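See below for the structure under consideration.
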Ligand code: IPE
Ligand code: IPE
Ligand code: MG
């Protein structure tokens, strides 16, 4: 299969889908047109990932800092998320995609929450691939939310402070059932994490491509996985042990 080692397909791929604005600007189009094209890219990448036997795809759709953008862009993005979540539901069901969401859902417009909830429920029985939509997601906020829940457990007398450890905090993240991402892809060339999966990406392999997200194709995905398969993951140990 396209020279990939089927034994070493990353189970969980996370993507920072960046460059929609630049894609649009280069064409003299409004930024929202870039986001529209980006949504189409995501659909094809989900299907390609499923075909390649990836088990989880986490897509950074809207960060907890993206509220700082112009009002019109924020509302355009919210409308697009709602539209896409409705328009693609049948296809996602057909493809065996299970949709879940990471982020503070309750701060989203009600209509977006409602549509995402419907997608989550309607696809709950699917198991070919999980599409984890990170929306109103921030890595720091996720850790804050977990810390608050740990503090509440202490307050209720359920645990001692000394019992707050990595396993406990991991179990309080938005989706503790998911494996940590093996591979993090960022499009559009920026070499930063932008508050994505701070807790979970401790040992994730990074892959940055200059390709803008709307141009990202199945071939780009395969290239990223190929690059990943050439890496030696050590998790702090030495190669012979790993
Ligand atoms: C990523 O594309 C999409 C979102 C953050 C919602 P950008 O809109 O950040 O694109 P650039 O970085 O301006 O090119
Ligand atoms: C990260 O991209 C967020 C998403 C892709 C949803 P940004 O474009 O918001 O990140 P910065 O501002 O360049 O760090
Ligand atoms: Mg950007």
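Nothing in this text is a laboratory measurement; each read-out follows from the coordinates by a stated rule. Computed from a prediction, not measured in an experiment: that's the story for all the values here. We place every Cβ from the backbone using ideal geometry, glycine too, and count neighbours over all the protein chains shown.
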**OP:** May I ask you to say which residue of 65, 73, 33, 91 is more than 18 Å from the chain's Cα centre (by Cα) and more than 18 Å from residue 214 (Cα to Cα)?
**Re:** 91
Original post:
So residue 22 clears everything in (1) in contact (Cβ under 8 Å) with a residue 60 or more places away in the chain; (2) within 19 Å of the chain's Cα centre (by Cα); (3) outside any loop (DSSP other than H, G, I, E, B); (4) within 9 Å of ligand 1 (Cβ to nearest atom) except one condition, right? Which one?
Top reply: (2)
Subject >> Matching residues in segment 60-80 - criterion: being within 16 Å of ligand 3 (Cβ to nearest atom) and assigned to a helix (DSSP H, G or I) >> reply: 66, 67, 68, 73, 74, 76, 77, 80
Original post:
Out of curiosity, is residue 39 away from ligand 2 (no atom under 11 Å from the Cβ) and crowded, with 19+ Cβ neighbours inside 10 Å?
Top reply: yes
**OP:** For segment 103-129, enumerate the residues that are assigned to a loop (DSSP other than H, G, I, E, B) and surrounded by 12 or more Cβ atoms within 10 Å (Cβ to Cβ).
**Re:** 103, 104, 108, 109, 123, 126, 128
Original post:
If you scan segment 201-238, which residues turn out to be part of a loop (DSSP other than H, G, I, E, B), in contact with a strand residue (DSSP E or B) (Cβ under 8 Å, 6 or more places away or on another chain) and more than 16 Å from ligand 1 (Cβ to nearest atom)?
Top reply: 201, 204, 231, 233
